[in-house]
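Read the structure below first, then the notes.
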Amino acid sequence: MYSINPTKTKSWKALIAHAETSKGLHLRDLLKEKNRFESMHIKVDDLLIFDFAKHRIDETTLKLLEDLFDECKVQESLEKQFSGVPINRTENRSVLHTALRDPSTDPLIIDGKDIREISKIELHRMYDFAESIRVGKIRGHTGKIFKNVVNIGIGGSDLGPHMAVEALKPFSNRNLKFHFVSNVDGSDLHECLLQIDPEESLFIIASKTFTTQETMANAQVAQSWLIQKLGVHDCIEKHFVAISSNSKKVLQFGIKKENTFGFWDWVGGRYSLWSTIGMSLCISIGSDNYQKFLNGAHFIDNHVKEKPFRENIAKIMAALGIWYRNFMNATTHAVLPYDQNLNRFPAYLQQADMESNGKSTDRNGVVVNYSTGPIIWGEPGTNGQHAFYQLIHQGTELIPADFIASVAPQHPLYAHHSKLLSNYLAQTEALAVGKPIATSPHKEFQGNQPTSTLLFDRMNPFSLGALIALYEHKIFFQGVVWNIYSFDQWGVELGKDMAKTILPEIEGDDSEHIHDSSTKGLINHIRVLSNKTDNN
Ligand code: G6Q
């Protein structure tokens, strides 16, 4: 990968100067410009419209951001990613989740193997398995049809499938109930096991490494619970499936080869929804719909590869994020789906974005002297309107926000949908133009809060695939400009290691460990209280 310090580029310096002169811009005035909407929206077939007219930008801003992308070699980097160059340098891996959704059969060789061929074989195994579960061909140990699917996984092995199963509920097999257990807080698994009948439950153990503490702890307890409930060890064969790249560990755990679905190092955890990690989604919506989901993402892959900057939604999204983060000092970015079924989307994006671009060391190993990824947060509208929108409207922060909705509802309550959409549009208008004159200063709205509008024709497997892919590419483009490695996640390691040291101490090991005074005090407190509880 290239290593270009963005602050050294001509366009970065020009953007700093331009930001100074843009300080006086107000959306109320910008939106009065002739043809503003016409020149600042992108319509993609019958899929979606992306409106970026409600941003504190003008033609100069867009031109300078485009120059920045050119100087930072964004397009060249994208081509490297697609061609399999190991752009995840700190782990020496290619980044090819895009290949999973590409129907092409042209060989793409990574580590001596044609990954297009091997991934298609694995995806087809998943389709067959998912269909057999859906029609009741594969059943539990006592011959009962599965009614519960429990995905045990965490992080990238949970957030994607969980979000997508929720988002596509209207396309799901309603005879099946889906549960997602991720947390090592025992309540997560315990509450799930209370709800399900062991004879009718399929467990999917989703873990790329098959060593993750939380997932392994939950999988082991689920396994013992099932054996105890069904009375025979053999029941595991019928009720447990593994999704992993570590076949050795899966076998050791006791899951048979036929029930193991693989994926590979060139698919990062938080980008793995397109692989067999999507098993729960595939069972929920069926393999035809799952393929439409992949097609939607592939459609966007082509869009971002082919479209020039001004017609490229992911590039504009990325550029706007950089404009606010680096030149207007915005620290957060809100993602606000006006779609209840997308209620897990902000949480999913938090991982995708913050684990990818929450870095402060550049590609040369040097600490950066500019801001990188913002804090991503959000909740579905209209709920958020009755909670945190107050701060966006009248607080002191600049908070760019993405408003996501669909013209067609996913339910038959049409009057509700008109109400939802009127709120959706009213909020972006109110945030932009505000209300500068009111009967009291407390009732004034300054406006000038920027928003992007992503309005889909309808939410379905294809459009969900497209939506996710847009954000994936946005994240990648920003990482290129910020000159960071977006596909590693070393920041999650330290706490994990320390937890391993603290575990035996909490459990009563008396050997001396070095901790800061606060942590030591808290460990002692837990030990004292746990002893008291044990003695009662
Ligand atoms: C994602 C991360 C991380 C990972 C989880 C689960 O990009 O790598 O969130 O997905 O730690 O890991 P396993 O799938 O190996 O259990």
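Read-outs throughout are calculated quantities, based only on the coordinates presented, and are distinct from any laboratory measurement. Since we're looking at a predicted model, the values are computed, not measured. As a convention, Cβ positions derive from the backbone with ideal geometry for all residues, glycine included, and neighbour counts pool all protein chains shown.
What to note about this one:
- Cα gyration tensor shape of the range 345-463, rounded if a/c is under 1.5, else prolate or oblate by comparing a/b with b/c: oblate
- Distance-filtered residues of the range 214-257 - backbone nitrogen under 12 Å, label point 7 angstrom along T142 Cα→Cβ: 229-232
- Residues R174, R325, R139 in ascending order of nearby Cβ atoms (within 10 Å, fewest first): R174, R139, R325.
- Helix runs (DSSP H) in the chain reaching 24 Å along axis by Cα, Kyte-Doolittle at least 1.0: 461-481
- Ranking of Y414, Y290, Y2 by count of other Cβ atoms within 10 Å, fewest first: Y414, Y2, Y290
- Cα gyration tensor shape for the range 281-417, rounded if a/c is under 1.5, else prolate or oblate: oblate
- Full-stretch length increase - R89, D29 - with 0.36 nm per residue and alpha-carbon distance subtracted: 17.0 nm
- Estimated inter-spin distance, N173 and A438, nm [label 7 Å along Cα→Cβ]: 5.2
- Per-pair calculated FRET efficiency, R0 = 30 Å: K307 and S3 via Cβ, rounded to 0.05: 0.70
- In nm, spacing of pseudo-spin labels at R458 and H190 (7 Å Cα→C-beta vector): 4.4
- Between the beta carbons of Y370 and E59, assuming R0 = 25 Å, the FRET efficiency works out to 0.55 to the nearest 0.05.
- Where a label projected 7 Å from the Cα of Q213 along Cα→Cβ would reach, residues of the range 175-190 with amide N under 12 Å: 184-185
- Put in order of Cβ neighbour count within 10 Å, fewest first, the listed residues S287, S207 become S287, S207.
- Percent antiparallel among DSSP beta bridges (both partners in the chain, rounded to 5): 30
- For the range 444-491: rounded, prolate or oblate by the Cα gyration tensor [a/c cutoff 1.5]: oblate
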